[in-house]
Amino acid sequence: MIYCVEDEAHIRELIVYALKNSDYEVEGFESGEELFEAMRREMPQLILLDIMLPGQDGLEILDCIRSNDATRDVPVIMLTAKSSELDKIVGLDKGADDYVVKPFSVLELIARVKAVLRRAEPRNDPYTIEIDGVEINDRERTVRVDGEEVNLTYKEFELLLYLFKNKNIVLHREKIMAQVWGYDFEGESRTVDVHIASLRHKLKDKAYLIETVRNIGYKVGYP
């Protein structure tokens, strides 16, 4: 089931029609209140969430989704007329899985829905990864450094987890962008650099685990 929260009726109806024609079950809502009421009845596989909503806006709704243990892992694609890089980064850092800017084509939307659902498929990876005193628990979404919990943003966690899962592998900035921020996110590579700097600051004495590979990207390296 896919839920679409969009207050403009003609856009909501178009999205619902297009997804149903692609064999998805879809329900459309005008507000966050209607969304949360529906989620109490049935949890969706994916939420399409407009950012400019009356009352509680899309970013506030996203905060609620990500702060609730029952809903925090539900994939969310933001739908918005805002197109600046900063707006994208804010939504993505709050935990959005992708970002579609209006006006968008139906084919683009379907492609993004398929890509996000593929990435959300259950994995057989271990829940906990530990490297030199830094422990990541994917199920609980926690990070501990020498036993002390570290508070990371949604995307900082995703970035560190991706680096740890690819220990000793050099990862290009473009590859990191594709895996952590979405396969066709058009932000610049400095987004990765800014998040790496923030991670190193929060890891403190363990910052050395994240190595810079000049002109290429980063890797987590440890024997």
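The values are calculated or read from the model by the stated rules, or taken from the named source; none is laboratory data. Source: prediction; values computed, not measured. Cβ sites come from the backbone with ideal geometry, for glycine too, and all protein chains shown count toward neighbours.
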Original post:
in contact with a helix residue (DSSP H, G or I) (Cβ under 6 Å, 6 or more places away or on another chain), at pLDDT below 90 and part of a helix (DSSP H, G or I) - does that describe any residue in the stretch 93-102?
Top reply: yes
Original post:
Could you count how many residues in the stretch 195-223 are basic (Lys, Arg) and under 24 Å from the mean Cα position of the chain (by Cα)?
Top reply: 3
**OP:** Looking only at the stretch 51-64, decide whether some residue is of a type outside the set (Lys, Arg), more than 30 Å from Leu159 (Cβ to Cβ) and modelled with pLDDT under 90.
**Re:** yes
Subject >> Selection within the stretch 103-123 - surrounded by 13 or more Cβ atoms within 10 Å (Cβ to Cβ) and part of a loop (DSSP other than H, G, I, E, B) >> reply: Phe104, Ala120
Original post:
When you go through Ile65, Ile51, Ile61 one by one, which is the residue that is surrounded by 15 or more Cβ atoms within 10 Å (Cβ to Cβ), farther than 19 Å from Ala9 by Cβ and not basic (Lys, Arg)?
Top reply: Ile65
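Pick out the one residue from Tyr162, Tyr127 that is of a type in the set (Ser, Thr, Tyr) and modelled with pLDDT of 85 or more. I'd like the intermediate steps shown before the answer.
Working: Tyr127 fails: modelled with pLDDT of 85 or more.
Result: Tyr162 is the single residue among Tyr162, Tyr127 that is of a type in the set (Ser, Thr, Tyr) and modelled with pLDDT of 85 or more.
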